[in-house]
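Asker: Sending over a structure as structure tokens; questions will come in a sec.
The values are calculated or read from the model by the stated rules, or taken from the named source; none is laboratory data. Everything numeric in this text was worked out from a predicted model, so none of it was measured. Every residue, glycine among them, receives a Cβ derived from its backbone with ideal geometry; neighbour counts consider all protein chains shown. The area values use the complete protein model at the heavy-atom level, side chains included, leaving out ligands, DNA and RNA. Shrake-Rupley method; radii C 1.70, N 1.55, O 1.52, S 1.80 Å.
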Amino acid sequence: MSGPQLFTPFKVGKLDLANRIVIAPMCQYSAVDGCMTDWHLIHLGHLALSGAALMMLEAAAVTPEGRITYADVGLYDDASEAAIARTLDSVRRWSDMPIGIQLSHAGRKASCEVPWKGGGQIAPDAEQGWQTEAPSPAGFLPDDTPPTALDREGLARLRDAFAAAATRAARLEIDAIQLHAAHGYLLHQFLSPLANHRDDDYGGSLENRMRFPLEIYDAVRAAFPADRPVTMRVSGTDWVEGGWDGEQTVAFAKALGARGCDAIHVSSGGLSPDQQIPVGPSYQVPLARQVKQAVGIPVVAVGLITDYEQAEAIIGTGDADLVALARTLLYDPRWPWHAAAHLGGHVKAPNQYLRSQPRQYKDLFKA
């Protein structure tokens, strides 16, 4: 019998992955002035020993105004770059797991309080607040301060900011970049007709709404080394009638594939407070499947993937090429070990932990 598909190797572009498990980006809201802190070393350090194939760093804002909260990580100046470098130097000393980063701009969902303090928008004139910017002057919630609509100069400024962040990521020897076009943040706001009300070349038709996210992809691809992958995270649907949906996601994925995008990560929602999400195990996998059936680039599935057999089935049936885990790994940072034990696979463990291998799984830690 062949081994579990979840623990077979895979390539994203030229990046070799030991298995099909990706650690999804997870905002920690624990940065200071855009700079990673000791919390990030603790958080990322233990995830880097989890046995997953790839760890994606949390959303790093490409400008200070692009942060979701005042406690978000940035990659927009020398200080924020140096803070990531210090963290990665320590993590890499003990783990050879490939590390990617998600580059993002929150758009109209920026200038917010951290989640455990309510998460609401902070007014521009309040402490820790700033004026947001977006495709159109429509706030996420009715009582939010309306964002400033980006003009041509603003669009050029943000293209340059994404490219500059990609250059910094290259200096950090980041293995892969993921562009965040999901969860209602800036690039998703351009894609969805619910947030994009422009009447110029960047609004209206699907082609026009895709234009700015594709320009960002092109700018980042040009700025990042050609032998390292650039990928995109999308929301497969807004879960709102008349919003972004699966058919448009497929069109966007095809446009990305034509440009050489190395993978697409399919999530959903986050753009509208009117969303009606049928949350349940694997609830987003059909969205990944729809894209997988239409494009030739690798597809990542995510969302309430918690069970070992569930993850194995997603890969084994071809619904997706990779599974991304977030809260599952926060709850159980050794999930890949346990999945390998359950399914009969193998996983890499640090030398210091080899003695923890249970006697009934004699080949579990076989690299």
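Asker: 5 Å is the cut-off here: which amide hydrogens, built 1.01 Å from N in the peptide plane, fall below it relative to Leu57, excluding neighbours closer than 5 in sequence?
Answerer: Distant-sequence amide H within range of Leu57: Gly100, Ile101, Gln102.
Asker: What is the calculated FRET efficiency for Thr306 to Asp199, with r their C-beta to C-beta distance and R₀ = 35 Å, to the nearest 0.05?
Answerer: On the way: r = 44 Å, r/R0 = 1.27.
The computed FRET efficiency comes out at 0.20.
Asker: So which aspartates and glutamates can Lys14 reach, going by Cα to Cα under 13 Å and dropping same-chain residues fewer than 8 places off?
Answerer: The qualifying aspartates and glutamates are Asp175, Asp227, Asp262.
Asker: Could you state the principal axis extents of the C-alpha atoms in the chain, from the largest down, to the nearest angstrom?
Answerer: Largest first, the chain extends 63, 42, 39 Å along its Cα principal axes.
Asker: Would you mind checking which residues have amide H under 5 Å from Cys112's amide H? H placed 1.01 Å from N; only 5 or more apart, or other chain.
Answerer: Amide H to amide H, under 5 Å and 5 or more residues apart or across chains, Cys112 pairs with Thr69, Tyr70, Ile122.
Asker: In whole Å, what is the distance between the alpha-carbon centres of the range 205-234 and the range 252-274?
Answerer: Each part's Cα centre sits 10 Å from the other's.
Asker: With a point put 7 Å past each Cα toward its Cβ, work out how far Asp78 is from Asp218 in nm, to one decimal.
Answerer: Modelled inter-label distance: 3.3 nm.
Asker: Counting Lys and Arg as +1 and Asp and Glu as -1, what is the net charge of the other residues whose Cβ lies under 13 Å from the Cβ of Tyr283?
Answerer: Numbers: positive: Arg289; negative: Asp319.
Overall, the nearby charge balance is 0.
Asker: Please give the helix 246-258 orientation as an angle from the longest Cα principal axis of the chain, in degrees from 0 to 90, rounded to the nearest 10.
Answerer: The helix 246-258 is inclined about 80 degrees to the chain.
Asker: Now for a separate question. Would you list, by chain and number, the lysines whose Cα falls below 21 Å from the Cα of Lys362, excluding same-chain residues fewer than 8 positions away?
Answerer: Partners within reach: Lys348.
Asker: Further, regarding this structure: Would you mind telling me the antiparallel percentage of the DSSP bridges in the chain, rounded to 5?
Answerer: Numbers: 5 of 39 bridges.
Beta bridges within the chain, antiparallel portion: roughly 15 percent.
Asker: Please work out the C-alpha center-to-center distance from the range 289-330 to the range 94-137 and express it in whole Å.
Answerer: If we compute the Cα centre of each part, the gap is 27 Å.
Asker: Let me ask you something else. If packing is taken as the average number of other Cβ atoms within 10 Å across a peptide's residues, how do 87-93, 113-119 rank, most packed first? Working shown, then result.
Answerer: Working: 87-93: 16.4, 113-119: 12.4.
Going by the mean number of other Cβ atoms within 10 Å, highest first, we get 87-93, 113-119.
Asker: For Leu330 and Ala226 in the same chain, what is the full-extension length gain: residue separation times 0.36 nm, less their Cα-Cα distance, in nm?
Answerer: On the way: separation 104, 0.36 × 104 = 37.44 nm, distance 3.24 nm.
Separation in residues times 0.36 nm, less the Cα-Cα distance, equals 34.2 nm.
Asker: I would also like to ask the following. Under a Cβ-only charge scheme (Lys and Arg +1, Asp and Glu -1), can you give me the dipole magnitude of the chain about the Cα centre, in debye to the nearest 20?
Answerer: The dipole of the chain has a size of about 1480 debye.
Asker: Okay, moving on. Solvent-accessible area per residue for the chain at a 1.4 Å probe radius, Å²? It would help to have the intermediate numbers written out before the result.
Answerer: Numbers: 15300 Å² over 367 residues.
With all protein chains present, the chain gives 42 Å² per residue.
Asker: Using only the alpha carbons of the range 106-156, determine the length spanned along each of the three principal axes and report them from longest to shortest in whole angstroms.
Answerer: Result for the range 106-156: principal-axis Cα extents of 36, 20, 17 Å.
Asker: To the nearest 10 Å², what's Asp144's accessible area with a 1.4 Å probe?
Answerer: Using a 1.4 Å probe on the heavy atoms, I get roughly 30 Å².
Asker: Leaving out ligands, DNA and RNA, what percent of the accessible area of the chain is carbon and sulfur, probe 1.4 Å? The partial results should precede the final answer.
Answerer: Values: 7810 of 15300 Å².
The value for the chain is 51 percent carbon and sulfur by accessible area.
Asker: Would you kindly state how much longer the chain becomes between Val279 and Leu141 on full extension, computed as 0.36 nm times their sequence separation minus their alpha carbon distance, in nm to one decimal? It would help to have the intermediate numbers written out before the result.
Answerer: Working: separation 138, 0.36 × 138 = 49.68 nm, distance 2.19 nm.
Full extension of this stretch gives 47.5 nm more.
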